1. Using a Förster radius of 45 Å, what is the FRET efficiency between THR79 and GLN215 based on their Cβ-Cβ separation? Nearest 0.05, please.
2. For segment 76-221, what does the relative contact order come out to in percent, with C-alpha contacts under 8 Å and a separation of six or more?
3. Would you please give the FRET efficiency between ILE182 and ALA149, computed as 1/(1 + (r/R0)^6) with r the Cβ-Cβ distance and R0 = 41 Å, to the nearest 0.05?
4. For the chain, set up a GNM with springs between Cα atoms under 10 Å and report which of GLU80, GLU161, GLU120 has the largest fluctuation.
5. Starting from the Cα of GLU28, step 7 Å along the direction of its Cβ; do the same at ASP43; then give the gap between the two resulting points in nm.
6. Taking the Cα centre as origin and putting +1 on Lys and Arg beta-carbons and -1 on Asp and Glu beta-carbons, what dipole magnitude results for segment 1-147, to the nearest 20 debye?
7. Determine the percent antiparallel among the DSSP beta bridges restricted to the chain, to the nearest 5.
8. How big is the gap, in Å, between the Cα center of segment 34-53 and the Cα center of segment 195-218?
Amino acid sequence: MKLTDEIYVYVWTNYFDNNCNSYYIGGEVGALIDPGLTRYVPDLLQQMAADGVKKEDIRYIINTHSHPDHLQGAEMFDTETIQIALHSKELEFLKGVGGELYGLFGITVPQMHINFPLTEGNITLGDQIFHIILAPGHSPGSIGLYWPARKALFCGDVLFEQNIGRTDFPGGNGQLLKKSIISFSQLDCELLFPGHMGIVQGRENIQDNFNIIIQNIFPYI
Ligand SMILES: [Zn+2]
């Protein structure tokens, strides 16, 4: 679904299988955020095509973290022409304990080359500047991709609409997740794009969502 001129939203709605939400930033940027599971990539590309986005338009795949339901599908893209991004800490994690998670789901770790290791700070994608914010807790090298010009935050599995990411997977840490959520709550944000469940729009709704999480969920972490 095309949400704005540049932002395309593909919220996962199949209750019979788990997969993540995917997002695409069009125009000069050409960034697909979290391609999801490999078996659903053809369907995602079909939905994108219906919105007028071609596979050749994609220049970057930005993975918020290495969990299979977010990253596995990156193996469907040609690393000769597409930059596949993951935080360097998450890449290290994927090579060790993080890779074992794939085994638990009965799938193998994608063998493609992560050719765009991320670190904290500004990155330029096409003609736009984004901030990479390291946000551990759900996984050690999870990131938020923040787009200051649109006040948009792609937050992966750090938080959701009235919920937070799991901390019981290998490399999870509740105290770090709290810190990451607090740091996200301080951003000037009007569009919140989580890795699962619905999106949250509007500054007030987003602040309310942070407040609900901090008041109702933090005491249990
Ligand atoms: Zn995850």
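1. Details: r = 44 Å, r/R0 = 0.97.
Efficiency, rounded to the nearest 0.05: 0.55.
2. Working: 252 pairs, mean separation 27.2, N = 146.
About 19 percent, as a whole number.
3. Values: r = 24 Å, r/R0 = 0.58.
So the FRET efficiency works out to roughly 0.95.
4. Among GLU80, GLU161, GLU120, the largest mean-square fluctuation in the Gaussian network model of the chain belongs to GLU80.
5. According to this spin-label approximation, the distance is 3.6 nm.
6. Values: 7 positive and 18 negative charges, 39 e Å.
In total the dipole reaches around 180 debye.
7. Values: 24 of 37 bridges.
Here the antiparallel bridges make up roughly 65 percent for the chain.
8. Cα centres, segment 34-53 to segment 195-218: 27 Å.
The values are calculated or read from the model by the stated rules, or taken from the named source; none is laboratory data. Computed from a predicted structure; not experimentally measured. Cβ coordinates were reconstructed from backbone atoms using ideal geometry, including for glycine residues, and neighbour counts include every protein chain displayed. Heavy atoms of the whole protein, side chains included, go into the accessibility calculation; ligands, DNA and RNA do not. Shrake-Rupley method; radii C 1.70, N 1.55, O 1.52, S 1.80 Å.
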